[in-house]
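Here's the structure, in structure tokens; my notes come after.
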Amino acid sequence: MHIREIVLEGFKSYATRTTVGPFDEHFNAITGLNGSGKSNILDSICFVMGITSLSQVRAQALSDFIYKQGTAGVTRASVSIMFDNRNKEQAPDGYKMFDELTVTRIVESNKSKYLLNGKNATQSAIHDLFKSVSLNVNNPRFLILQGQVTKVSKSKPQEILGLIEEAAGTRMYDQKKAEALKTIAKKDDKLKEIRTTIDTDITPTINKLQQDEQNYKMYTELKKRYKLLNDQLIAYEYWQLITSVKQTEIDVENMELQTTETSIH
């Protein structure tokens, strides 16, 4: 993926719509007189890529990106960069199906918004897009400005290693790995908390409920047995009562019969 052209409108010294390009895939040089806007072209690239340190692009507020800070009738600044995306080996993750990508950033009323192929996008999405092709605009050495060459050449080995890792794209994966490890650690802590809750609260409650369930089952069984035995007892007492009544009736009949026979004699 490489820049094909840049369209600036209302951005810094570019009051009217200006197209810069086409750009060569391998090497480009921007030349011109002092004050002709060469540095502003580099600023526009950083602007679109979502640089967070405004001082790196010679600004203190978003309004500084607007032509004459909006005091000359221009109230918004926009920059669009068209990227040639036909080399699929260098295409950003998730965008290999596009032969061209257009990233736009607009500043108006001290607010900023991004567009990706004409659709709204977040700044983090734009950062991730460029990071996936090893471009991190917020790397302090993304641009080595005039006067910084000597400083970079005298950097410590660890700092130079960091620059190489950033250029190779491995730094991004180290950061993602660190973020993933933090997420895993948080998940592990949450799992420990859940296990503690299970061991101290849920399991004892389940055990008690299971014991209560067993007690209830035992109670229900005993209640059934009690009802059965009670029904049997009532039936037996009823049978005894009926038998006693019948026997009493027989005894009364026998006594009456004996009395009658005695009277005859």
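The values are calculated or read from the model by the stated rules, or taken from the named source; none is laboratory data. Since this is a predicted model, take the numbers as computed values, not measurements. When we count neighbours, we look across all protein chains shown, and the Cβ atoms used for this are built from the backbone with ideal geometry, even at glycine.
Report, ordered by the first and then the second residue, all pairs with beta carbons closer than 8 Å, sequence separation of six or more or different chains, a first member in segment 9-31 that is touching a residue at least 60 places away in the same chain (Cβ under 8 Å), and a second member that is of a type in the set (Gly, Ala, Ser) and part of a strand (DSSP E or B). Pairs found: 9/77; 9/78; 10/77; 10/78; 11/77; 11/78; 12/77. None of 97, 82, 49 is in contact with a helix residue (DSSP H, G or I) (Cβ under 6 Å, 6 or more places away or on another chain), under 16 Å from residue 2 (Cα atoms), among the hydrophobic types (A, V, I, L, M, F, W, C) and modelled with pLDDT of 90 or more except 49. Only one entry in 20, 57 is within 18 Å of residue 111 (Cβ to Cβ), surrounded by 13 or more Cβ atoms within 10 Å (Cβ to Cβ), of a type in the set (Val, Ile, Thr) and touching a Ser or Thr at 6+ places or on another chain (Cβ under 9 Å), namely 57.
Annotation: residue 52 fulfils all but one of (1) out of contact with any strand residue (DSSP E or B) (no Cβ under 9 Å at 6 or more places or on another chain); (2) under 25 Å from residue 30 (Cα atoms); (3) surrounded by 12 or more Cβ atoms within 10 Å (Cβ to Cβ); the unmet one is (3). Screening residue 16 with (1) outside any loop (DSSP other than H, G, I, E, B); (2) out of contact with any helix residue (DSSP H, G or I) (no Cβ under 7 Å at 6 or more places or on another chain) gives one miss only, at (1).
Conditions tested, residue by residue: (1) within 23 Å of residue 101 (Cα to Cα); (2) in contact (Cβ under 8 Å) with a residue 12 or more places away in the chain.
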{"site": "3", "(1), (2)": "yes, yes"}
{"site": "7", "(1), (2)": "yes, yes"}
{"site": "36", "(1), (2)": "no, no"}
{"site": "39", "(1), (2)": "no, yes"}
{"site": "49", "(1), (2)": "yes, yes"}
{"site": "57", "(1), (2)": "no, yes"}
{"site": "62", "(1), (2)": "no, yes"}
{"site": "73", "(1), (2)": "no, no"}
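Quick one: in segment 1-46, of everything that is on the phi < 0 side of the Ramachandran plot and among the small types (Gly, Ala, Ser), which residue is nearest to the chain's Cα centre (by Cα)? Checked segment 1-46; the qualifying residue nearest to the chain's Cα centre (by Cα) is 44. With respect to being touching a helix residue (DSSP H, G or I) at 6+ places or on another chain (Cβ under 8 Å), under 25 Å from residue 122 (Cα atoms), buried (at least 20 other Cβ atoms within 10 Å of the Cβ) and acidic (Asp, Glu), residue 64 falls outside the description.
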